[in-house]
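Undergrad: Submitted below is the structure of interest, expressed as C-alpha cells.
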Amino acid sequence: MQLREPIVLEASPATAEGYELIPVLSAEEAEVDRQMHICNACRYCEGFCAVFPAMTRRLDFAKADIHYLANLCHNCGACLHACQYAAPHEFAVNIPQAMAKVRVDTYSDYAWPAAFGTLYRRNGLTMALASAGGLALFLLLALLINGTLFPGRLAGDFYAVFPHNTLALMFGAAFGFAVLALAVGVRRFWKGISPGDAEAVATGAAALEASGAVLKLKYLDGGHGKGCNNESDRFTLWRRRFHHLTFYGFMLCFAATGVATLYHYLLGAEAPYPVFSLPVLLGIVGGLGLIVGPVGLLVLGYQRDPAQGDVAQRPMDRGFIALLLLISLTGFGLLIGRDTGAMAVLLAVHLGVVMAFFLTMPYGKFAHGIFRSAALLKYAIEKRQPDRIKLGSE
Ligand code: SF4
Ligand code: SF4
C-alpha cells in the first residue's frame, strides 16, 4: 500500500458548460478522505461500528460523505487502538481524530444563525460560564432593584419571586429559540449529507433501528461489547454508562418540568410541590444522574489519550458538561434552600444557568447528539438500499 496525497477538489469554473460544481475540501476533510481510502483498502475494522460499512459503500468521499461519516463516528477509539497503520507508521491513520476535526466544523457550518456557532466553538467553556454568570447576575440585579432579593421565607413559592407568566414567557422564548435553531441546523445538515438523494426517505424499520442505536448508544461498545478505549488499549464501558446517566438524567429533569407544567395548567396545582410529588421525584432522580454522568465524563475526558479525538475541542466539551453539572447542582441547592431566606438568590442563579444552557445548546456539544442521530438514521436508510458498489462489480 502506498501513501496517497490528500485530494483537494477544485470548484469547476465551467458550471455553465454543464460541469458539476464540486465543493473544495477543507484540509480536515481532505485528511478524512486520505484516511478513508487507506481504510477502504484495509477494511480490518469493518465490524467495529457503522462508519466502516458506510465507507465500503463508497469509492470516493465528497464533502457530503465526509460530513456524514464524521458524525457517524462516536469517537470510541477502537479503530485507533487496533490500527496497524497508526503512527508511528508512515500512513499515520487516526480515524477518531480526523473525524473529530471535521465533526466540530459541521456544528458551526450547519448552525443557525451561523455566527453564533463560530463564536461558541472558539470559546466554549468561557461562553458557557460567562452566559450562565451573566444571566444569573442579571436576574439577581432585577430582584435587588425590586427589593425582593431577600424576601424572607416563602415556603418554596417561586412565583412570589418571579411571576409564573414572566417565567413561562422567558423560558418559553429561550426554549423555543433553541428548538428552532436546532431544527434548522439539523435540516441543513440532513440536506448537506444527502444532496439530491431522493431515496433518503425513512421507513419505519430504519427509524426504529436508528432510535435504538441512539437510545442504547450502540456504537460506544467498541463493536465487541466490551466498550470504548479511553486512556489506553483497555476497554471500558464507563463512557457509555456516564453518557447514559447524563442523557437519561437530562430527560428526567425535562420530564419533571413537563409534569409540573401539566399540574399547573391541567390540574390547577401550583408549585411548590411536596418532595414526594411526581415532578420533584423525577427532578431528584434526574438531577442525580445529571451529577454522576457529567462528573464521570469530565474525569474520563481528563484521562483520555490526547491522540484520540481533537484536544482543541475540549473547552467546548467541558463548557457543555459544566453547564449540565451546574444545572443539577443549582437545582439541588434550590430544593434544599427553598424554605429559607436565600430562596430568591438560589432561584435566580438556577434560572440563569438553565437559560444559558438553552441559549447555547444549538451551538455546542448538545448538537452532536442531534447530528449523530441524523447520521444514524441515514445509515439505517442507506443499508436497506442496494449497494451500488457491489452491484457495479457483479
Ligand atoms: S483504521 Fe487502520 S486497521 Fe482499521 S480499517 Fe482503517 S487502516 Fe485498517
Ligand atoms: S473511533 Fe470508534 S466509532 Fe469512530 S470510526 Fe473508529 S471504531 Fe468507529
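The values are calculated or read from the model by the stated rules, or taken from the named source; none is laboratory data. Model, not experiment: these values are computed from the prediction. Note that we place each Cβ from the backbone using ideal geometry, even for glycine, and neighbour counts take in every protein chain shown.
Undergrad: Take the conditions within 10 Å of ligand 2 (Cβ to nearest atom), assigned by TED's automatic domain parsing to the domain that holds residue 25 and farther than 27 Å from residue 367 by Cα and apply them to residue 42. Does it pass?
TA: On the way: within 10 Å of ligand 2 (Cβ to nearest atom): no; assigned by TED's automatic domain parsing to the domain that holds residue 25: yes; farther than 27 Å from residue 367 by Cα: yes.
Criteria not met by residue 42.
Undergrad: In the range 170-190, is there at least one residue being within 16 Å of ligand 1 (Cβ to nearest atom) and at pLDDT below 95?
TA: As a first pass, look at the range 170-190 and keep what is within 16 Å of ligand 1 (Cβ to nearest atom): none.
The answer is no; no qualifying residue exists.
Undergrad: Only one residue in 324, 297, 346, 334 is in a helix (DSSP H, G or I), within 17 Å of the chain's Cα centre (by Cα) and under 27 Å from residue 141 (Cβ atoms). Which one?
TA: Numbers: 297 fails: under 27 Å from residue 141 (Cβ atoms); 346 fails: within 17 Å of the chain's Cα centre (by Cα); 334 fails: within 17 Å of the chain's Cα centre (by Cα).
Going through 324, 297, 346, 334 in turn, just one is in a helix (DSSP H, G or I), within 17 Å of the chain's Cα centre (by Cα) and under 27 Å from residue 141 (Cβ atoms): 324.
Undergrad: Being surrounded by fewer than 16 Cβ atoms within 10 Å (Cβ to Cβ) and of a type outside the set (D, E, K, R): is that true of residue 268 here?
TA: When the stated conditions are applied, residue 268 passes them.
Undergrad: Moving on to the next point. Can you tell me which residue is modelled with the lowest pLDDT among those in the range 272-285 that are part of a loop (DSSP other than H, G, I, E, B) and buried (at least 17 other Cβ atoms within 10 Å of the Cβ)? Step through it out loud before you land on a result.
TA: Keep residues of the range 272-285 that are part of a loop (DSSP other than H, G, I, E, B), which gives 272-277.
With buried (at least 17 other Cβ atoms within 10 Å of the Cβ) added as a condition, the list becomes 272-273, 277.
Numbers: 272: 83, 273: 89, 277: 95.
Across the range 272-285, the extreme among qualifying residues is 272.
Undergrad: May I pose another question? For the list (1) within 13 Å of ligand 1 (Cβ to nearest atom); (2) touching a Leu at 6+ places or on another chain (Cβ under 7 Å); (3) of a type in the set (A, V, I, L, M, F, W, C); (4) touching a residue at least 24 places away in the same chain (Cβ under 8 Å), I need the number of the one condition that residue 45 fails.
TA: (2)
Undergrad: Which residue pairs have Cβ atoms under 7 Å apart, sit 6 or more places apart or on different chains, and have a first residue in the range 48-75 that is in contact (Cβ under 8 Å) with a residue 24 or more places away in the chain and a second that is hydroxyl-bearing (Ser, Thr, Tyr) and near ligand 2 (Cβ under 8 Å from one of its atoms)?
TA: Close Cβ pairs satisfying both conditions: 49/219; 50/219; 74/219.
Undergrad: Looking at the range 56-70, can you tell me whether even one residue there is touching a Ser or Thr at 6+ places or on another chain (Cβ under 7 Å), under 28 Å from residue 301 (Cβ atoms) and part of a helix (DSSP H, G or I)?
TA: Yes: one or more hits.
Undergrad: Still on this model: Here's a check for you: in the range 92-117, which residue that is buried (at least 19 other Cβ atoms within 10 Å of the Cβ) and assigned to a loop (DSSP other than H, G, I, E, B) is farthest from ligand 1 (Cβ to nearest atom)?
TA: By that ranking, first place goes to 111.
Undergrad: For the range 180-214, enumerate the residues that are loosely packed, with under 13 Cβ neighbours inside 10 Å and part of a helix (DSSP H, G or I). Walk me through how you get there before you give the answer.
TA: Step one: filter the range 180-214 for residues loosely packed, with under 13 Cβ neighbours inside 10 Å, giving 180, 195-196, 198-199, 201, 203-205, 208, 212.
Listed by number, the residues that qualify are 180, 204, 205, 208, 212.
Undergrad: Evaluate the range 74-86: report whether one residue or more is part of a helix (DSSP H, G or I) and either in the same structural domain as residue 226 (by TED's automatic domain parsing) or hydroxyl-bearing (Ser, Thr, Tyr) (or both).
TA: Checked against the condition, which is being part of a helix (DSSP H, G or I) and either in the same structural domain as residue 226 (by TED's automatic domain parsing) or hydroxyl-bearing (Ser, Thr, Tyr) (or both), the range 74-86 yields no hits at all.
Undergrad: Please enumerate the residues belonging to the range 211-232 that are of a type outside the set (D, E, K, R), within 16 Å of the chain's Cα centre (by Cα) and more than 16 Å from ligand 1 (Cβ to nearest atom).
TA: 211, 213, 214, 215, 217, 220
Undergrad: From 147, 134, grab the single residue that is surrounded by fewer than 20 Cβ atoms within 10 Å (Cβ to Cβ), assigned by TED's automatic domain parsing to the domain that holds residue 310 and free of Cβ contacts under 8 Å to residues at least 40 places away in the same chain.
TA: 147
Undergrad: Would you please list the contacts, defined by Cβ atoms under 8 Å and residues six or more apart or on different chains, that run from a residue in the range 252-277 that is among the small types (Gly, Ala, Ser) to a residue that is at pLDDT below 90 and in a helix (DSSP H, G or I)?
TA: Listed pairs, sorted by first residue: 271/158; 271/159; 271/264.
Undergrad: Out of (1) within 13 Å of ligand 2 (Cβ to nearest atom); (2) surrounded by 17 or more Cβ atoms within 10 Å (Cβ to Cβ), the odd one out for residue 236 is which?
TA: Against the list (1) within 13 Å of ligand 2 (Cβ to nearest atom); (2) surrounded by 17 or more Cβ atoms within 10 Å (Cβ to Cβ), residue 236 comes up short only on (1).
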